[in-house]
Every structure is written in structure tokens, then in C-alpha cells.
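The values are calculated or read from the model by the stated rules, or taken from the named source; none is laboratory data. Worth saying up front: this structure is predicted, and the values here are computed from it rather than measured. FYI the Cβ positions are ideal-geometry reconstructions off the backbone, even for glycines, and counts take in every protein chain you see. Note: areas computed on protein heavy atoms with side chains; ligands, DNA, RNA excluded. Shrake-Rupley method; radii C 1.70, N 1.55, O 1.52, S 1.80 Å.
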Amino acid sequence: MFAPGESRLNLARLRVLDKLIKSRWPLLLARSITLAGFVFTILVGLLGSPVGSHNFAIIFVWIAWWTALKLFFIPLGGRSWCSVCPLPMPGEWLQNGSLLTKAQKSIGLGMRWPRRLRGNWLASGLFLLIGIFSALTLTDARLTAWILLGLLGTAMLLSLIFERRAFCSYVCPIGGFTGIYAKTAPLEVRVIDSDICKSHAEKTCYTHCPWGVYPLAMRDSSQCGLCMECLRVCTYDNISLNLRPFGSDLGQTNSITRLDETLLALVMLSSALSFSAVFIGPWGWLKSAAYDVGSTAWWAYTGAYLALSLLVLPGLYTLAVWWSQKTGQAKAPFKRLLADYSQALLPLGLFTWIAFTIDFAFPKFSYVLQVLSDPFGWGWNLVGTSGVSLPSALLGAAPVLQVGAVVVGLFWSANLSQRLVAKQVQPARARRAILPLAGFSLLFSLTMLLLLLG
Amino acid sequence: MKHWKKILFWGLAISLGLVISLAPMPVKATSSNQKLFKIQASRFAFSPAVLAVNPGDQVTIELVSQDVVHGLSIDGYDLHLVADPGQTASMTFTAGQAGSYTLRCSETCGAMHPFMVGKLQVGGNDLLWRAAGLALLAVIAGVWWKRV
Ligand code: SF4
Ligand SMILES: [Cu+2]
């Protein structure tokens, strides 16, 4: 099962999994369930209690789903959420003219996505937009429902205008960070024998991929939605679903400069700081400022958040890279270094978000049980859990887990910086050239720890 | 990297980590005191938000609400206080083990209610210092560790 000399385990070789993957029905079933849940969430959001903590929509989206995404789907499965995500489904079904696979005739204009809008720029922008309105979104069930509807509508519209998953690849704010963090995850879809692919003219995998990815050309997992369609259509059964070591996509020098990924990685860092300050910090004025959309205080909050995301952190990071280039006399162009070194921000960001999520969501798990019994907040008690609350002693472990997460992320990030610098710099200068980068990560983590534990 | 070097590296890193996490911090000898806090609760904050006490202290909290009904509960303590607008509610308890415990508003008081928090700091904030130490160790170890 292990390819010789490689630390990969092809899960598609396991008989049970192979059956589950090769049939299109299990995935369709899973997607139908998430889509039904999604529709239910929107309905409850619109009709249920306006008190956020009593509304299924708020609790399920921002506590249950968010926690599952950050603690389970992304760290263990990369873009695995995208394989069952309901947002693009209706559009994709329309586009394909079928629920299961591509019909001969497809609906929609099938235009190509404009070149200038490629990459993660739009996703970063949309994530910032969510951040600006986060206090309102996270507490207002109606708004949450409208946002979900808006995303659904946009995804559908884009499916009809553009080819394949334009929304997921270039617009979705969730897809953006899920994609870059997917590089850290221990799961990948890859070609088994590249020679077979090169001689196969039809490239069925590429023509069938909903994402427009050609498996042989994949440089990392950021654009793979793990739908497994390529495994199903490959004429030679030449594609594997691999378990791989964590972070296998990281540490290479890339042949293209992707500053959009750098910016998104930085936006995720700044947002973790800002969300922690607003939702975990003790500052009531900050909470009110973030909440009172349109007020002067809110504009100040917005300005500060955008400045942190687009000026302060990018500035500090640029400074660190510049300093590293000077001390290490790295030959590569500065832009290339900015992009390459920013890979080290991925484990840092992922684990920071894990730490944030533990603090943010753990204490609110009793709400999850409550809304299961009383989704609309109308006083029901369907499964008898509407009044429960978790013993608060359980929360004692949370801070320790958070510290653990931050420390692991920091170690990983520093180690990655070291490996990336070693590719650019003479060994004698390497140690000193790492310092600014490691310093940036350390400074960021200390700030985060202060916000979480201070 | 050679085998024994790996073992040495991880042995050193882990034992340093354990020392940072577990080494006893100097404790100031304190006789138990009476502590009184008058906390103003308003949407969505407690003021003061951080209550610093020592283990064994007799802590009295007087909660005054300035706008709507607010409550107060403390993670790890089985206590609950509700203050109607303009009214004072109070309770007394004995501070237990050293550590940080989150104060939470326990009465739905508006949109940001679930995030209305404060902190009961019993003893020094050791965890923060230990965490900072571990962070420093993690960076140094990360820079040093070379994968073969
Ligand atoms: S990119 Fe966004 S919309 Fe597309 S599948 Fe992933 S999470 Fe869903
Ligand atoms: Cu309150």
C-alpha cells in the first residue's frame, strides 16, 4: 500500500473506502444531508428567535460548524469540507444538468474566469468584509440567514456565468483560507504514475474535475475539493487518495509568486487577533463598537481592523523578510521571498485559529445541546436537552489546550522558516537570516497568548 | 541528522518544556484576606473586569447593573448572581486553587451577551508566563530542528 520510498498510504486501496469513493451515491447522500441542514438553518434563521444564543442558525453555523471546520475538517482533511459543502451544490447541479455527473449538454454560459480576478484576492476581501461585520453576523440570526442565502445565490449565479467552480476557487471566503491551510493537512489526491497521465490524451480527470484542476499539474492541495471525481473517471485507475505526513505541501520554493496567498495568510493572522480582542477580551466598549454598525466607534473599529490587516501586519512581515534577505544575502527576488516565506504563516495561522476556536466555542457548547431541542427558540424541548448546561469545571482544560495549540503552531512555523531560508541562503548565514522571520512568528504568538490568557 | 542527535534534541526540548510547564513558581506567603469588589455591569462588560485575589481569600462581589438585567457566574465555581437594573446583588465565596477563571454574564442581556466576560485571577497569572516561556522554547527548537 505504501508506494516504495514514499511516506504515503493510498486509502483508495482499502476495499471499503474504495467502494464508498467509486460510487457517486454516498457523496450525493452526504451532500443532500448538508443541503437539507442548510435550508433548515436558513429557515430557522429567518423565522426563529431573534436572540442569537437561542437560535439554531447562529449556534449551528458559528459554534458547531465553525468548530468542526477548524478542529476537524481543515487540520485533518484540508478542503474536505468543500466535498460536502452545500453552497455550490445547486449551481453545480444546474451547470452539470445532472445530480451525479456531467450530462452531455450543460446549462450556463461556461465563460472563463477573468485572469485579473484569479487567486485569493477576492476571498481575502470578502473575509475582511465578514470580519468588519463579525459582531453583528455572529449574533444576528436574520443576518446570518441572509448571508447564507447571499452566498448560495452568488455561487449559483457564478456557476451559470462561468465554468466550473468559479465561486469556490476565487470568491468564497471560507474556501480561501481552507485552501491555503489545506497544504498543512495529511490528506491528498494525487496521480500515481505520471507517465501514464502524460500519454493519456483524453485527460478524463481534467475534463470531469468540477474545480478545473489537472491532477498531474497539482503543485499543492489548495485547489482540490476532494470530491474524488477524478478517482471515479480515470480510465487507468491511476489516482490515489493519500494519507500523507502533515505539511507535505510546505517547504518548497515555488516557481510562481503567489502574493495573493501571502496576503490571505496575513489577513487570517490579523483577523485572529481582532476576533480574539472583540469576542474573548474583557473590553465592553470594543464589543459595542464592533456591534454598532454605522456609529463612529464602529468606523474606528473598522479602520483599526483594516489597518492591522493591510498595513501593520503586512508591514511587519515585509520588514522581517527584507531584514532576512539583507542578513542572509538571499539571491531570489524580494517578491519571491515574500511569497515563499509566507508558507511559514500557514501552520502559525491554523493553530492560532484552533486556539481561538477553543476559547470561543468550548464554553458555548451547552447552547448546541439547547438549540437541538429548541431550534427556533420557541420554548420547545424536542430531545430533552433544552435546559442543560455543561459543568463549568470542564472548561478548566481549555487554556492548557490553547497554549498547546499555539506552541505547536509556533514550532512548526519556525521550523518551516528554517527550511525555507536554507533553500535561499548560504549555510553560514542561514541562522541569522531566520531570526527576523522567527521573530515575527514569536511576536505574533505572544500577542495572541496575551489576548487569550492575559 | 544522526539517531542519537535526534534523541538528544527531543529529550532536551521535552525536558525543558516540562520544566517550564511544571516548575513551582515562587508563592508569596499570604494569610487569607477579605476582598471586596464592587462590579458595575453594563452592556457588555464588567468593570473592573479583572479581579485579582489570592487562594483562600474571602471574596465578596457586589454586582450593580447599570442598564438591563445582568448575571454573573464564574467558570469552575458553582455560583450565580443576578442583578436587576439599579439593584445590587452580592455574594461571598472562598477563592480556591490558583489560576484564571472566566467571569461570564449569565443573563441574556443583548446581542453581545455571550461574549460579556471578565476574569477572576487567583494568585499570579502563571499560565501566561509559562506559555510565553514555552513559545520561546518552541521557536528556538523549531529553528534548530533539521528534518533529515
Ligand atoms: S469553496 Fe466555499 S462554497 Fe466552495 S465548497 Fe468550499 S466552502 Fe463551500
Ligand atoms: Cu450581561
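Brief remarks follow.
- Residue check, B:Asp67 in contact with a Lys or Arg (Cβ under 7 Å, 6 or more places away or on another chain), within 14 Å of chain A (Cβ to nearest Cβ) and surrounded by fewer than 16 Cβ atoms within 10 Å (Cβ to Cβ): yes
- Selection status of A:Ser106, open to solvent by 50 Å² or more (accessible area, probe 1.4 Å), of a type in the set (Gly, Ala, Ser), at pLDDT below 90 and not in a helix (DSSP H, G or I): yes
- Residue that is farthest from ligand 2 (Cβ to nearest atom) [pool: residues in region A:131-163 that are open to solvent by 30 Å² or more (accessible area, probe 1.4 Å) and more than 19 Å from A:Leu35 (Cβ to Cβ)]: A:Glu163
- Extreme residue, farthest from ligand 2 (Cβ to nearest atom), among residues of region B:89-135 that are outside any loop (DSSP other than H, G, I, E, B) and more than 21 Å from the chain's Cα centre (by Cα): B:Ser90
- Flag if A:Tyr170 is in contact with a Gly (Cβ under 9 Å, 6 or more places away or on another chain) and within 16 Å of ligand 1 (Cβ to nearest atom): yes
- Filtered by the rule that a residue be out of contact with any Ser or Thr (no Cβ under 8 Å at 6 or more places or on another chain) and either part of a helix (DSSP H, G or I) or within 30 Å of A:Ala277 (Cβ to Cβ) (or both), region A:109-131 gives A:Arg115, A:Arg116, A:Leu117, A:Gly119, A:Asn120, A:Trp121, A:Leu122, A:Ala123, A:Ser124, A:Gly125, A:Leu126, A:Leu129.
- Restricting the first member to region B:60-71 and to residues that are more than 21 Å from B:Thr92 (Cβ to Cβ), and the second to residues that are within 16 Å of ligand 1 (Cβ to nearest atom) and of a type in the set (Lys, Arg), no beta-carbon pair is closer than 8 Å while six or more apart or on different chains.
- Hits in region A:192-216 - residues which are touching a Ser or Thr at 6+ places or on another chain (Cβ under 8 Å) and either β-branched (Val, Ile, Thr) or farther than 26 Å from A:Leu122 by Cβ (or both): A:Ile192, A:His200, A:Glu202, A:Thr204, A:Leu216
- Some residue of region B:50-59 being under 20 Å from B:Ala111 (Cβ atoms) and more than 16 Å from ligand 1 (Cβ to nearest atom): no
- Options A:Lys22, A:Lys70: the member that is basic (Lys, Arg), touching a helix residue (DSSP H, G or I) at 6+ places or on another chain (Cβ under 6 Å) and surrounded by fewer than 16 Cβ atoms within 10 Å (Cβ to Cβ): A:Lys22
- Pick from region B:37-53, criterion surrounded by fewer than 20 Cβ atoms within 10 Å (Cβ to Cβ) and not aromatic (Phe, Trp, Tyr), ranking: farthest from the other protein chains (Cβ to nearest Cβ): B:Lys38
- Note on region A:244-279: residues that are farther than 16 Å from A:Leu128 by Cα, in contact with a helix residue (DSSP H, G or I) (Cβ under 9 Å, 6 or more places away or on another chain) and of a type in the set (S, T, N, Q) amount to 5.
- Here A:Ser49 fulfils each of the conditions (1) of a type in the set (S, T, N, Q); (2) within 14 Å of another protein chain (Cβ to nearest Cβ); (3) part of a helix (DSSP H, G or I) apart from (3).
- Region A:123-167: number of residues that are touching a residue at least 40 places away in the same chain (Cβ under 8 Å), within 12 Å of ligand 1 (Cβ to nearest atom) and not small (Gly, Ala, Ser): 10
- Residues of region A:254-296 satisfying the condition of being crowded, with 24+ Cβ neighbours inside 10 Å and among the basic types (Lys, Arg): A:Lys287
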